[in-house]
Amino acid sequence: MRQPETRPSLIIKLTDQRNELAWAEFLCAYEPFLIQLVRRRGTPERHVSDVTQQLLMAIAKTVEGWKPDGREASFRRWLSRVARNVALKYLIRERRQISGQGGTEFLQQMEREPDLADHERQDGQYEHELIVWAAEQVRGEFRESSWKAFWATQVEGKSVADAAAEIGVSAGSIYMSRSRIFARIREKIDEVL
Amino acid sequence: MSLNRISCDSELLRLSLSDRLSEQQEESLTLHLAECVACQRELERLAGQQNDWDKVRQALRHELESSQGGEHDLQRLDRSAEREVAADEDAAVDFAVDFLEPSSAPGAIGRIGDIDILEVIGRGGMGVVLKGYQPELKRLVAVKVLAPHLAVSGSARQRFSREAQATAAIMHPNVVPILTVHSTGKLPFLVMPFLACESLHDRIVRQGALELVDILRIGLQTAQGLAAAHAQGIVHRDVKPANILLEKGVDRAMLTDFGLARAIDDASITRTGVIAGTPQYMSPEQARGDAVDARSDLFSLGSVLYTMATGRSPFRAESTYGILRRITDSRPRAIREINPGIPSWLISLIEKLLAKQPSQRFGSALDVAALFEQCLAHVQQPAAATLPDYCLPMRRKAWLKWLRRKRWTLGAMGLGAVSVALLLFVFRFLNPAVPLQSEVARPNESTVRSSPSAAAIPEWNATAQELRELDRDAAPFESRVGRLWDRSSAPVSPESNLPSTPSTDMESKP
C-alpha cells in the first residue's frame with residue numbers, strides 16, 4: 001500500500017495552475033500503473049512502494065527541464081513521454097539485476113542511458129504492461145457475463161455462437177459487450193498516456 | 001429480415017459503445033447485431049482500429065499463456081466472481097482475527113473493549129461488521145470496524161468519527177442508533193444495537209415488487225428518518241435498499257450507515273480514482289461529482305421507491321459508467337410498464353423525487369413524509385381519509401379548484417334557476433289553460449318533467465352539499481400544506497410547482 005505521507009515529497013513547483021492540475025491528474029492515473037509494473041517485474045513486496053517512489057521522483061525531477069512547445073496540452077504530452085522513458089529505463093535495468101535497492105544509487109542508475117537495442121525491445125513490453133493493466137482496471141466496471149464474452153471470443157478465440165451458448169447470452173449482446181470493453185481499455189490507456 | 005426491428009444506424013452503434021442506449025434501444029440493437037454483419041463490423045471499427053484490436057488480443061493472449069500453470073497475479077483476469085467472493089470472505093475473517101483481542105467467553109472469537117465478538121456478519125466497502133455481546137449490559141450489538149486501508153488516512157478517520165458522532169445525535173425511531181464510537185484505537189469502530197432484521201434489498205430480492213401499503217409505509221418511515229437527519233444538518237449520501245433495515249415482526253424500517261458513505265468516498269476515490277460500491281442509487285449531482293445537499297437523498301429515496309414498486313432499480317446498465325450516464329441523462333423505464341398495479345398518483349410522486357434538477361424535487365424530506373402519511377391513510381382507509389390534493393389527477397384537481405373558487409357564483413346561479421323554475425311551475429299550476437311554448441312544439445310530452453330547471457333542483461342541492469363537504473375536508477389539509485410550503489425553501493408556490501405533465505420533471509433542463 002502506498003504511504004500517503006510520502007506524497008508531499010513529490011509536490012513540485014509548477015507556476016501554471018493548469019499544469020499543477022495536469023500533474024495531479026497524471027499522478028492519480030499513472031501511479032497505480034507504476035505500482036503494478038514494479039510488482040509484476042518481480043520486485044519483492046517490501047520494496048514495491050520504494051521503487052515506485054523512485055520512479056515518480058525521476059519523473060518529477062525532469063519537470064524543471066520542461067519548455068512549452070506552444071501546442072495544445074504541451075505539459076501533459078511531455079509528461080507522458082518522460083514517464084514512458086523512465087518506465088522503459090526501469091524495465092531494462094530490472095532485466096539486468098533484480099532491483100530491490102532504493103536510494104540514490106538506484107536513481108543514478110536510472111539516469112544512465114540504456115542501450116538503444118534494449119530500448120526498442122522494451123518498448124513492446126511497456127505497451128504490453130499498459131494493456132494488461134488497463135484490462136484489469138476496467139474489468140470490474142462490467143458484468144461478469146460481459147467480461148466472459150469478451151474473454152472467450154477475443155482471448156480464447158472461441159466463436160461468437162459457441163461463447164453465446166456457453167455463457168448463456170445472446171450473440172448480439174456479445175458483439176456489443178466486447179466492443180464496449182475494448183473501447184474502455186483504449187480509453188483507460190489514453191488516460192495514462 | 002423479420003428480426004431486424006431497426007435498420008442500420010451508426011449513430012446508435014456509437015452511443016452503444018459508451019453504454020448510452022435506452023433499454024428499448026439496447027434490446028432492439030442486440031437483436032439487430034445478431035443478424036447484421038455490416039453493423040458488427042462497423043461497431044468494431046468504431047471501437048478502435050484493427051491494429052489496436054490485434055494488440056489488445058495479443059497482449060491478453062500472451063498473459064493467459066504465460067500465466068497458465070502457476071498462480072500468476074493476472075489469473076484474476078479470468079477468475080470467476082464466486083472465487084473472488086470466497087476470497088473476500090476469507091479476508092474478512094482474517095481481518096477480524098488480526099484485529100481482535102483474545103476472549104475467554106465461550107463461543108466468542110475475540111474481544112474488542114467490553115464486547116465479546118461472536119461472529120463476522122459481513123463485509124462492506126467501509127470495513128467489517130461483527131456480531132457481539134456486551135456481558136455487563138446483557139445485550140447483543142453490531143460492531144462496525146473501519147477497514148485498515150481507510151484507517152491509514154487521517155482525514156477518513158476524522159470524518160468517520162465526526163459523522164458517527166453526528167449520527168449518534170439523531171434520536172429517531174427510523175434511524176438505527178449509534179451507541180458508542182471508538183475513534184482512538186488502531187482501527188476506529190462504532191457500536192450499534194443488533195437487530196433481528198433483513199435489509200430492504202434482501203426483501204426485494206426475495207419477493208420482488210412490494211405491496212402498495214408496504215411501499216408507502218417504508219417510504220414514509222425512510223422519509224421520516226431522513227427528515228430527522230436533515231434537521232441535524234446530516235446528508236445520508238448513500239440511501240439504498242441495502243441501507244434500509246426492516247425489523248422482523250414489527251412494521252418498522254430503519255435507516256443505517258449515515259454519512260459514512262462520505263468517509264469512504266473521500267478515501268477510496270483519492271486512492272484509486274474509482275467509485276466504491278454500486279452507484280445505482282446515486283443522485284445526478286453525486287454522479288457528476290458536484291456538491292450535494294439534502295435533496296440528493298430525496299432523489300435516492302425516489303430510486304428506492306421505484307425499486308420497491310417494480311422489483312428492479314431504475315438506472316441499470318452494463319457498466320459503472322453506463323449507470324452514471326443513465327442517472328444523469330435518461331428517464332427510467334415507466335413504472336406502469338413494469339407494474340400496472342401502481343396507482344398513477346404514486347408514480348407521479350416518485351417521478352418528482354427523481355427529477356434531475358434538485359430544485360424540481362420536493363422541498364424537504366418532511367414534505368415527502370407528510371404526503372406519504374396522507375397517502376398511506378387513504379390506502380388503508382379509503383372512506384375515512386382522502387388522498388392529499390397533490391396526488392389527485394390534474395384534471396380533477398383543476399376542476400375541483402374551479403368549483404371551489406366559483407362556489408358563490410354557482411350557488412347564485414343555481415338559486416336563480418330554482419326560482420325561475422318555481423315561478424314557472426306555480427304560474428302553470430295556477431293557470432293550466434295557458435300552454436307554454438314548448439308544449440306548442442311538443443304537445444305529447446309531460447311539461448313538468450321536461451322542464452330543465454325543475455329537474456335540476458335535486459342536482460344543485462346535491463352539488464351544494466358536496467361543495468360544503470369538500471370545503472370541510474379540505475380546510476385542515478390546506479392549512480397544513482400551506483404551513484409546509486411556507487417552511488420549505490422551495491422558491492415556487494405549490495401550484496406552479498406541480499408538473500404540467502409528469503414527463504417534464506424527468507428531463508434535465510440546462
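Quick notes on this one:
- Restricted to segment B:301-380, the set of helices (runs of 4 or more DSSP H) holding at least 2 residues that are more than 18 Å from residue B:286 (Cα to Cα) comprises B:335-338, B:344-353, B:365-380.
- Residues of segment B:30-58 satisfying the condition of being in contact with a Cys (Cβ under 8 Å, 6 or more places away or on another chain) and crowded, with 19+ Cβ neighbours inside 10 Å: B:32, B:33, B:36, B:39
- Of residues in segment B:197-241 being of a type in the set (Val, Ile, Thr) and touching a Phe, Trp or Tyr at 6+ places or on another chain (Cβ under 7 Å), the one surrounded by the most Cβ atoms within 10 Å (Cβ to Cβ): B:239
- Any hit, segment B:185-202, residues being touching a residue at least 60 places away in the same chain (Cβ under 8 Å) and in contact with a Gly (Cβ under 7 Å, 6 or more places away or on another chain): no
- Residue match in segment A:124-138 (condition: modelled with pLDDT under 80 and more than 14 Å from chain B (Cβ to nearest Cβ)): no
- Residues in segment B:190-204 that are among the hydrophobic types (A, V, I, L, M, F, W, C) and touching a helix residue (DSSP H, G or I) at 6+ places or on another chain (Cβ under 9 Å): B:190, B:200, B:204.
- Verdict on residue B:348 being closer than 20 Å to residue B:223 by Cβ and surrounded by fewer than 22 Cβ atoms within 10 Å (Cβ to Cβ): yes
- Filtered residue count, segment A:141-157, keeping only those that are within 7 Å of chain B (Cβ to nearest Cβ), more than 12 Å from residue B:56 (Cβ to Cβ) and not charged (D, E, K, R): 2
- Total residues in segment A:33-48 satisfying the condition of being in a helix (DSSP H, G or I), touching a residue at least 40 places away in the same chain (Cβ under 8 Å) and within 15 Å of the chain's Cα centre (by Cα): the figure is 6.
- Restricting attention to segment B:28-60, the residues being more than 14 Å from residue A:174 (Cβ to Cβ), facing chain A (nearest Cβ under 9 Å) and in a helix (DSSP H, G or I) number 9.
- Screening residue B:308 against (1) among the hydrophobic types (A, V, I, L, M, F, W, C); (2) closer than 17 Å to residue B:212 by Cβ; (3) modelled with pLDDT under 95 leaves a single unmet condition, (3).
- Selection within segment B:7-23 - in contact (Cβ under 8 Å) with a residue 60 or more places away in the chain and either within 7 Å of chain A (Cβ to nearest Cβ) or not hydroxyl-bearing (Ser, Thr, Tyr) (or both): B:19, B:20, B:23
- Segment A:165-185: number of residues that are farther than 26 Å from residue A:33 by Cβ and facing chain B (nearest Cβ under 9 Å): 7
- Residues that are within 30 Å of residue B:366 (Cβ to Cβ), away from every other protein chain (no Cβ under 14 Å) and at pLDDT 75 or above number at least 2 in the following strands (runs of 3 or more DSSP E) confined to segment B:64-176: B:139-146.
- With respect to the conditions (1) surrounded by fewer than 20 Cβ atoms within 10 Å (Cβ to Cβ); (2) within 14 Å of another protein chain (Cβ to nearest Cβ); (3) at pLDDT 80 or above, residue B:272 falls short on a single one, namely (3).
- Any chance residue B:180 is surrounded by fewer than 20 Cβ atoms within 10 Å (Cβ to Cβ), β-branched (Val, Ile, Thr) and more than 22 Å from residue B:237 (Cα to Cα): no
- Total residues in segment B:213-230 satisfying the condition of being small (Gly, Ala, Ser) and touching a residue at least 60 places away in the same chain (Cβ under 8 Å): the figure is 4.
- Count of segment B:295-316 residues which are buried (at least 22 other Cβ atoms within 10 Å of the Cβ) and in contact (Cβ under 8 Å) with a residue 60 or more places away in the chain: 14
The values are calculated or read from the model by the stated rules, or taken from the named source; none is laboratory data. Source: prediction; values computed, not measured. Here the Cβ is made from the backbone with ideal geometry for all residues, glycine too, and neighbour counts use every protein chain on show.
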